[in-house]
Amino acid sequence: MASPRGRRSLVAALRHAATNPQRARWYLRRLQRDAVLRLRHRDHLAYYSAVVDDLVVQGKATAVGDLSAKRARRIGKLQFDYLVEHGLAPQHRLLDIGCGNLRAGQHLIRYLKPGHYYGVDISHEVLIAAQRTVAERGLTRKLPYLVAVRDMSFAFLPDDAFDVVHAHSVFSHAPLSVIEDCFAHIGRVMKPDGFFDFTFKRTEGREYGKLREDFYYRTDTLVSAAAAHGLRAALMEDWERLGHSQSKIRVRREDRAAPVPNSGS
Ligand SMILES: C[S@@+](CC[C@H](N)C(=O)[O-])C[C@H]1O[C@@H](n2cnc3c(N)ncnc32)[C@H](O)[C@@H]1O
């Protein structure tokens, strides 16, 4: 039996559906697809990669957008400019987790030295689209790595390899177990003074997920999860001012070398 609160939200949802029939049809299709894929894939990353593959095959902009669209251009450039303002240099090595079809990756690849960009994604279809971007944008000589992953272990990557790790609009689609798994391993592949920036959908109240595809977290939940794996995390206040819908957290290794005090000599 539904609680009074549950009944109220059901009534509100039905009312919303009656006034937005198109949206309701889309939502029901999404529910149906998700139910089938959930039965087929128990593990979240396998399930979500099937969701993204499906979106790409259908040409849905939520997965891989048209890179020439105004919004995609703006968000791609926003990510890139932010990293450069925060010290990203051409000789750095960058790991882009959930690189998508290179909305930001195309700028990063162009800027970094050849072979210094590593894009990983759980969706094969997305990585094929990313390869198209490399060819169409004249970036082949930059030899970017574009690699499919099935977990967050980064076992194929060496220790202390990356100056910068980046994940934009990825943890917004991940349950906490996936994020914790990433925290458990990411410190190993980061240089001791490297940093890892990721965006997330922030809530100040109750944390929740929608259809196992969109997840909302409190900042302190993610900061504590990072600390449990020897990582120091902080909300990036200057990113908040740029008007993006997601917040950003920066993570550093707790064991990184302390800055050398100025001896005055
Ligand atoms: C919304 S897109 C963002 C793509 C890109 N970061 C950008 O800003 O354009 C999210 C991408 O992350 C990928 N993804 C989601 N969870 C992932 C995970 N745990 N590891 C690697 N890729 C993931 C999806 O397949 C998808 O391509």
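Observations on the model:
- Principal-axis analysis of the Cα atoms of the chain puts helix 44-57 at an angle of about 80° to the longest axis.
- Rounded tilt (10° steps) of 176-189 against the dominant C-alpha axis of the chain: 10
- Highest-first packing order for the peptide set 200-207, 91-98 is 91-98, 200-207, based on the mean count of other beta carbon atoms within 10 Å.
- Normalised by the number of residues in the chain, the mean separation of alpha-carbon contacts (under 8 Å, six or more apart) gives a relative contact order of 13 percent.
- Computed packing ranks the peptides 43-54, 18-29 as 43-54, 18-29, most packed first, by mean other Cβ atoms within 10 Å.
- Surrounding net charge for ALA72, when Lys and Arg each add one and Asp and Glu each subtract one, Cβ distance under 9 Å: +4
- Karplus-based coupling profile of region 244-253, in residue order and whole Hz: 7, 6, 9, 8, 10, 10, 10, 10, 10, 6, with θ = phi - 60° in 6.51 cos²θ - 1.76 cosθ + 1.60 and x standing for Gly or Pro.
- Calculated [θ] (222 nm, deg cm²/dmol) that DSSP helices of n ≥ 4 give over the chain, each run adding -39,500 (n - 2.57): -13500 deg cm²/dmol
- Short to long, the 10 Å bins of the Cα pair-distance histogram for region 70-253 hold 9, 39, 39, 12, 1 percent of all pairs.
- Between region 87-124 and region 219-246, the Cα center-to-center distance that results, in Å: 21
- Residues with amide H under 5 Å from that of VAL170, placed H, sequence gap 5 or more: THR199
- Region 44-148: relative contact order in percent, alpha carbon pairs under 8 Å with at least 6 residues between: 28
- Listed values for region 73-82 are Karplus-derived 3J(HN,Hα) couplings in whole Hz (6.51 cos²θ - 1.76 cosθ + 1.60, θ = phi - 60°), namely 5, 5, 5, x, 5, 4, 4, 5, 4, 4, and x replaces Gly and Pro.
- Taking amide H as placed 1.01 Å from N in the peptide plane, the amide H of ASP160 sits under 5 Å from that of VAL189, MET190, each at least 5 places away or on another chain.
- Karplus 3J(HN,Hα) series, Hz, for region 116-133 with 6.51 cos²θ - 1.76 cosθ + 1.60 (x for Gly, Pro): 9, 9, 10, x, 10, 7, 7, 9, 5, 4, 5, 5, 5, 5, 5, 4, 4, 4
- Antiparallel DSSP beta bridges within the chain, as percent of all bridges there, nearest 5: 45
FYI, it's all coordinate maths here, none of it is from the lab. Worth saying up front: this structure is predicted, and the values here are computed from it rather than measured. Virtual Cβ from ideal backbone geometry, glycine too; neighbours counted across all protein chains shown.
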